[in-house]
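*Asks:* Have a look at the structure that comes next, please.
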Amino acid sequence: MSSLTRGHGGEQQAPEFVQMNNLACESVGGKVLFATDDWFAVAENLLKKGDPEFKVGLFTEYGKWMDGWETRRKRIPGHDWCIIELGVPGVIHGFHVDTHFFTGNYAPRISVQAACLQEKISLSPRGERIGSAASEDDFKAVERLHSEKWESLLKMTELKPGYAESCHNYFHVSSKERWTHIRLNIYPDGGIARFKVYGIGQRDWSLCGPNDLEDLLSMTNGSVCLGYSDAHYGHPRNLIGLGRAADMGDGWETARRLDRPPILKANENGILQVPGNEWTVFRLGHPGLITHIEIDTNHFKGNAPNSCKIEACILTPKEEERIKEKWTEKLDNKWKTLLAVTQLHPHKRHFIDGTSLSLKEVFTHVKITIAPDGGISRLRLWGFPRQLP
């Protein structure tokens, strides 16, 4: 089911699920395992993190260069499709199908199927695929997956062409099961710029011992961003991404606050005395006792925040739903200080051990506040998974 709303002036408004993690993105390990055809542009482009580009007048020996997956015009029976391995297995809440720049050559319809496979799929490496189609051996290998019988998450649905006002196609998913692989079908052929699979990572916590130290905020462990004050240059969900950030665009960065005083002053600890701040809220992947913190401002050399504080609380799913989008108004009396206001430095990993943390309790949610504004690339909250009291 499509979930597209229009804002003032007719621009497309994204649904709430795009705040979640893109489980298929190449930056978290998403991979294309098979595609029927990659003639004009390869299926791997679907999983790129950056926005699609258009290069006027650029052609390859196979046709116009396109930043997406584009198959040849089909002249044999059937339709095109590809198999995607999610970088982070989890529960899928929605799809974003971006047809940007595919105007007269976009895929008219799609459907999406999914499977939760226990064993690793063994298919031949794809290598350089532009200007080619799947071979008979490729088809024989992928037939063992019986992907045509996978669970349907989105029935055949029409897409809109890749003009700025119509290129973003959003679809809600109601399934609550865990998935590891996706089959994306296009009917009968054509192009798509990006395919994003938004959801929440899910792992088997029964395999985790009581003394196993885990990053409770990692997207692979099921953490998710629930709200934020500003994400002008980078979404706070980047904070819980894999590894260290690739660049500034791979972190959370806000605009410069306009309420900063004309002349800045600091206290004796170097903390700027400013009236405003920016914040973001996360649900932990599992309730837990936080013992160590890592705050990484990697790449933020001239725009790191001056300071940061971290608060925590316990919320039930019903409470979380009730206060959605009202984080600052409804929770002032629930937040407890985990890390007091701490000065940050540019382009540096800050390691904070338990002696600097104010609380030794189990929590489900955290709120990160930076002042006055700026960017952080990663945040790790190490601790022990625990059941709620």
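The values are calculated or read from the model by the stated rules, or taken from the named source; none is laboratory data. Remember, predicted model here, so these are calculated numbers, not experimental data. Every residue, glycine as well, gets a Cβ built from its backbone with ideal geometry; the counts of neighbours run over all protein chains shown. Note: accessible area is taken over every heavy atom of the protein model, side chains too, but ligands, DNA and RNA are not part of it. Shrake-Rupley method; radii C 1.70, N 1.55, O 1.52, S 1.80 Å.
*Asks:* What are the residues in region 265-285 that are open to solvent by 10 Å² or more (accessible area, probe 1.4 Å), in a strand (DSSP E or B) and in contact with a Lys or Arg (Cβ under 9 Å, 6 or more places away or on another chain), if any?
*Replies:* Hits for region 265-285 are 272, 278, 279, 285.
*Asks:* Would you tally the residues in region 149-179 being among the hydroxyl-bearing types (Ser, Thr, Tyr) and buried (at least 20 other Cβ atoms within 10 Å of the Cβ)?
*Replies:* 1
*Asks:* Still on this structure: Pull up region 289-310, narrow it to residues that are surrounded by fewer than 22 Cβ atoms within 10 Å (Cβ to Cβ) and touching a Phe, Trp or Tyr at 6+ places or on another chain (Cβ under 8 Å), then point me to the one that is nearest to residue 378 (Cα to Cα).
*Replies:* 294
*Asks:* Another question about this same structure. Looking at region 324-351 only, could you name the residues that are open to solvent by 20 Å² or more (accessible area, probe 1.4 Å) and of a type in the set (A, V, I, L, M)?
*Replies:* 340, 341
*Asks:* Give all pairs with beta carbons closer than 6 Å in which a residue from region 351-367 that is farther than 19 Å from residue 286 by Cβ meets a residue that is basic (Lys, Arg) and part of a strand (DSSP E or B); count only pairs at least 6 apart in sequence or on separate chains.
*Replies:* Within 6 Å, no pair qualifies.
*Asks:* So, one more: With the requirement that a residue be open to solvent by 60 Å² or more (accessible area, probe 1.4 Å) and among the aliphatic types (A, V, I, L, M), what does region 39-84 give you?
*Replies:* 56, 58, 76
*Asks:* Looking at 210, 262, which is the one that is more than 20 Å from residue 379 (Cα to Cα), in contact (Cβ under 8 Å) with a residue 40 or more places away in the chain and surrounded by fewer than 17 Cβ atoms within 10 Å (Cβ to Cβ)?
*Replies:* 210
*Asks:* Out of all the residues in region 102-128, which are assigned to a loop (DSSP other than H, G, I, E, B) and closer than 16 Å to residue 189 by Cβ?
*Replies:* Residues satisfying the conditions are 102, 103, 104, 105, 107, 108.
*Asks:* Could you figure out which of (1) without any contact (Cβ under 8 Å) to a residue 60 or more places away in the chain; (2) among the aliphatic types (A, V, I, L, M); (3) within 25 Å of residue 74 (Cβ to Cβ) isn't true of residue 33?
*Replies:* Of the numbered conditions (1) without any contact (Cβ under 8 Å) to a residue 60 or more places away in the chain; (2) among the aliphatic types (A, V, I, L, M); (3) within 25 Å of residue 74 (Cβ to Cβ), the odd one out for residue 33 is (1).
*Asks:* Being assigned to a loop (DSSP other than H, G, I, E, B) and either in contact with a Pro (Cβ under 8 Å, 6 or more places away or on another chain) or within 13 Å of residue 374 (Cα to Cα) (or both) narrows it down to one of 245, 231, so name that one.
*Replies:* None of the others qualify; the one that does is 231.
*Asks:* It is to be established whether one or more residues within region 86-105 are exposed (fewer than 14 other Cβ atoms within 10 Å of the Cβ) and not polar (S, T, N, Q).
*Replies:* yes
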